[in-house]
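Trainee: Take a look at the following structure, please.
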Amino acid sequence: MKTGKVITTILTLTLLLTACGVNTSSDQAQTGAATEAPAAQSAQGNAAAVEIKNFAFNPANLQIAVGTTVTWTNNDSVGHTVTADNGTFDSGTLRQGDKFSFTFNEAGTFAYYCKPHGGKGGQGMSGVITVVP
Ligand SMILES: [Cu+2]
């Protein structure tokens with residue numbers, strides 16, 4: 001039964017190679033990690049940034065053009081929220097390093113606050129986004 005043994009060996013090797021092949025393909029590293037584009041400081045572009053630091057939004061008052069995406073970044077070690085007075089947006093709790101983005105597609109004045117540290121109407125930790133046509 002030498003022939004049978006050889007065939008069995010070949011089959012076993014084939015299975016092993018197949019398994020290896022599958023492993024190899026899944027080992028392919030995910031390259032090209034997204035490089036973070038620097039947020040535009042200008043309120044005239046398509047993007048604007050608000051930093052959350054020391055229990056405050058900076059800048060607290062920001063004027064942008066319609067269609068601008070504002071990204072808030074929490075640089076505090078405590079959690080904060082970005083919550084619109086009128087309920088248009090609500091980030092939920094942002095931990096340190098978390099970001100929240102919202103695109104303003106309508107002109108108007110959008111007051112917002114942090115739920116734990118501020119309140120509607122500009123109380124405590126709060127800010128205003130003014131969107132101009
Ligand atoms: Cu807060």
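Trainee: Going by amide H atoms built from the backbone, whose H comes under 5 Å of the H on Met125, apart from near neighbours?
Mentor: Long-range HN contacts for Met125: Cys114, Gly118, Gly119.
Trainee: Could you give the length gained by full extension between Gln96 and Gln63, i.e. 0.36 nm per residue of separation minus their alpha carbon distance, to one decimal place? Spell out each step's value before the answer.
Mentor: Working: separation 33, 0.36 × 33 = 11.88 nm, distance 2.53 nm.
Answer, rounded to one decimal: 9.4 nm.
Trainee: Under a 5 Å amide H to amide H cut-off, with H placed in plane at 1.01 Å, what residues pair with Val66 once short-range neighbours are removed?
Mentor: HN-HN under 5 Å from Val66: Val132.
Trainee: Hey, rough spin-label estimate for Gln123 and Asn105, points 7 angstrom out along Cα→Cβ, what's it come to in nanometres?
Mentor: So the two model labels end up 3.2 nm from each other.
The numbers here are math on the coordinates, done by the rules we state, and not lab data. Since this is a predicted model, take the numbers as computed values, not measurements. Neighbour counts are summed over all protein chains in view; Cβ atoms, including those assigned to glycine, are modelled from backbone coordinates with ideal geometry.
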